[in-house]
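The values are calculated or read from the model by the stated rules, or taken from the named source; none is laboratory data. If you're wondering where the values come from, they're calculated on a predicted model, not measured in any experiment. Here the Cβ is made from the backbone with ideal geometry for all residues, glycine too, and neighbour counts use every protein chain on show. To get the accessible areas, we keep the full protein, side chains included, count just its heavy atoms, and leave off ligands, DNA and RNA. Shrake-Rupley method; radii C 1.70, N 1.55, O 1.52, S 1.80 Å.
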Amino acid sequence: MTFSATISSFHTSTLLKIHINGYKNLTRVPLGHPKPVLRKIRAIHAVNSSMFQPFLTEELLNQAMNNPLPIFQFEEYMALKTKTVNKALEEAVPLQHPLKIHEAMRYSLLAGGKRVRPILCIASCELVGGDESLTLPISCAVEMIHTMSLIHDDLPCMDNDDLRRGKPTNHKAFGEETAVLAGDALLSLAFQHIAAKTAKVSSDRVIQAIAELGSAVGSEGLVAGQVVDLCCEGKQVSLSELEYIHVHKTAKLLEASAVCGVIVGGGNVFEIERVRNYARCIGLLFQVVDDILDVTKSSEELGKTAGKDLASDKATYPKLMGIDKAKKFARKLANQAVQELAYFDPIRAAPLYYLAEYIANRQS
């Protein structure tokens, strides 16, 4: 790929031109809050190096808003929601007969992880005035689906990886046959869990959420990204093709997590589309950062095998754009994401602002 083509594709990314059809002359929610002092959450995730430069900084956040954010205890919020999600996941997949399959499901599902998707779902529900309890079943479901995708992605016929979340991958621990079935079982359980456990939400909204999540996982979503990714191995890939892969393989599920939270929280069409745009940006941002970390971090730091994409000659943003331009793209995506939130109440939106910062500046 030529240098000029790379620059052209970079500046014409579809995600940097997102708008909402049918809405004109939109007004921002009045913020009217005194200037707070933003918590320096980046310090927890930053590397011990003067060379580290966050992708989303206080300066960029202030530039993206007419007024600054309210003070928000992000680490405490994440810890509390993670604890809630982990407890719900533990209860959703009890250890029962047949033991082997449930052990394999629990092995990957309860192996830790950032829980970004379920927390995004909860925060989006709360953004539109919904209660955490409304979205907990679907929050668990998106984590089950995400875990399924990791189990299958690690298989020898796919990415052939040995390490995930700092532990041997599922097929290394239980064998390939059981790993495939564990992923299948988690995918099936996800939709069963939404249908059986969602309470105090209208059936129309539950159906809408199920349809949204199903679309994000199937041949128009995650599977589409995965199959195109496999087909492109060892071939020259354009930036637009790479964006298609990662929008579908990674961003679609993050997008669905957020959108489903707004749906079950009672959000309207306008709120759904604003949050969809936000989540689409942070979904691709997640992958851009992942690509950068893959070539800048060790396996011990990442909790998974580092340098796999380079070794298998897969297309990545650093490979096609270079590290510096990949970082610049990450900053643009982060900035676009936070701009989408400026139409909401800033106090309710605070978790999503800080979640964008967390994704942009994560180090593993």
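Rounded if a/c is under 1.5, else prolate if a/b beats b/c, else oblate: with a ≥ b ≥ c from the C-alpha gyration tensor eigenvalues square-rooted, which is segment 117-214? Prolate shape, in that a/c is at least 1.5 and a/b is the bigger ratio. Using a probe radius of 1.4 angstrom, the carbon and sulfur fraction of the accessible surface of segment 96-191 is 54%. Heavy-atom accessible area for Leu136, with the other protein chains in place and a 1.4 Å probe, reaches approximately 40 Å². For Asp159, the accessible area of its heavy atoms, probed at 1.4 Å with every protein chain present, is near 40 square angstrom.
FRET efficiency for the pair Ala195 and Lys172, taken as 1/(1 + (r/R0)^6) with r the Cβ-Cβ distance and R0 = 35 Å, rounds to 0.60. With all protein chains in place and ligands, DNA and RNA left out, the 1.4 Å accessible area ranks Tyr317, Tyr343 as Tyr343, Tyr317, largest first. In this structure, Ser238 and Gln363 have a Cβ-Cβ separation that, at R0 = 30 Å, corresponds to a calculated FRET efficiency of about 0.55. Rounded, prolate or oblate: which fits segment 184-229 when a ≥ b ≥ c are the square roots of the eigenvalues of the alpha-carbon gyration tensor, with rounded for a/c under 1.5 and prolate only if a/b beats b/c? Taking the square roots of the gyration eigenvalues as a ≥ b ≥ c, segment 184-229 is oblate.
Dividing the convex hull volume of the alpha carbon atoms of segment 152-294 by its residue count gives 129 Å³ per residue. At full extension, Cys231 and Ile71 could sit 53.0 nm farther apart than now, given 0.36 nm per residue minus the alpha carbon distance. Pairs exceeding 29 Å between alpha-carbon atoms, taken from Lys172/Lys325; Lys249/Lys328; Lys167/Lys197; Lys200/Lys252; Lys81/Lys197: Lys172/Lys325; Lys167/Lys197.
Every pair of different Cα atoms in segment 61-183 enters the Kirkwood calculation, which places the hydrodynamic radius at 16.0 Å.
Residue order by solvent-accessible surface for Thr296, Thr135 is Thr296, Thr135, largest first, with ligands and nucleic acids left out and a 1.4 Å probe.
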